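The values are calculated or read from the model by the stated rules, or taken from the named source; none is laboratory data. Given the structure is predicted, the values throughout are model-derived calculations rather than measurements. Cβ placement follows ideal geometry from the backbone for every residue including glycine, while neighbour counts extend to all protein chains displayed. Protein only, heavy atoms only, side chains kept; ligands, DNA and RNA dropped before computing areas. Shrake-Rupley method; radii C 1.70, N 1.55, O 1.52, S 1.80 Å.
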Amino acid sequence: MTNAEKFDIMYVMKKLAKITSLALCACIAAVAAGCGRSVADRKVNDPDSGVVAKLTLYATGERGKVAPMLVAAGHAYCSVENVSDAPIALGRGYVLPEGATVTLASWEFDAHGGIWYNIEPTYIDQGWFGKRKSITRNVDSDALSLMNEYLRDPDTDKWTLFANCTHFAVGLWNAASADSGDVIDTKGMLTPSDLVKHIVRFEGNEVGRPHNSAQPIGYYSGKEFIEFKLTEKK
């Protein structure tokens, strides 16, 4: 091998090393830039991102008196806030006006064992769930479609000991988070207290996030929404 050939090889190797180093630095910088961002900031605050709603996942380990399982295990649920300039439909046709919020949870009551709409604000007014932990993310139209697929699934609308409020709430959160890094691993998770441990690991988690919900309470029987008063026997 001539000296000229050796020089060409060394030159190419140096150039490759420099390119590799620059690429590695760029990757490290990109990762570092995302590490400090909260759940709510990862996909949002971009006026062109098509955000139509905010989804909040709540959990509390507080003991309560509104249902047998809640006495020992606490409660988990979600809320959806419509931040668009038009009504949006949830699940089997629940219409959420612009600016309004509704809560969704799985409950085991005599009237219905499955998805209930808007029960939690009443119980919060009565003093329950005050220490609830939560995380919030933005929802675009694609994520909303995935949420609605989940809500329309007949298996979702069935409460069991293992398909309980925690299972439902995390499932709805994960449906909206399928294309992001915010999916929560449900392995070994059974109770709201288990979920609290996951929520507090997210930067930007909140305590006692308020509701502004004044939507009707009820559940779906087929495609019909059955309004319900909490003063009635559950």
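Look at (1) in contact (Cβ under 8 Å) with a residue 60 or more places away in the chain; (2) within 27 Å of Ile88 (Cα to Cα); (3) assigned to a helix (DSSP H, G or I) and you find that Leu195 fails only one, number (2). Within the stretch 172-184, the residues that satisfy the criterion of being touching a residue at least 12 places away in the same chain (Cβ under 8 Å) and farther than 24 Å from His211 by Cβ are Ala178, Asp179, Ser180, Gly181.
Among the residues making up the stretch 118-138, those that are under 18 Å from Phe225 (Cβ atoms) and open to solvent by 10 Å² or more (accessible area, probe 1.4 Å) are Pro121, Thr122. Residues in the stretch 143-171 that are in contact (Cβ under 8 Å) with a residue 24 or more places away in the chain and either assigned to a strand (DSSP E or B) or under 13 Å from Leu90 (Cα atoms) (or both): Ala143, Leu144, Leu146, Met147, Asn148, Glu149, Tyr150, Leu151, Arg152.
Applying the condition of being loosely packed, with under 12 Cβ neighbours inside 10 Å and among the acidic types (Asp, Glu) to the stretch 150-193 and asking which residue is modelled with the lowest pLDDT yields Asp185.
Among the residues of the stretch 127-140, is there at least one that is under 25 Å from Gly93 (Cα atoms) and free of Cβ contacts under 8 Å to residues at least 24 places away in the same chain?
No; the residues of the stretch 127-140 include none that is under 25 Å from Gly93 (Cα atoms) and free of Cβ contacts under 8 Å to residues at least 24 places away in the same chain.
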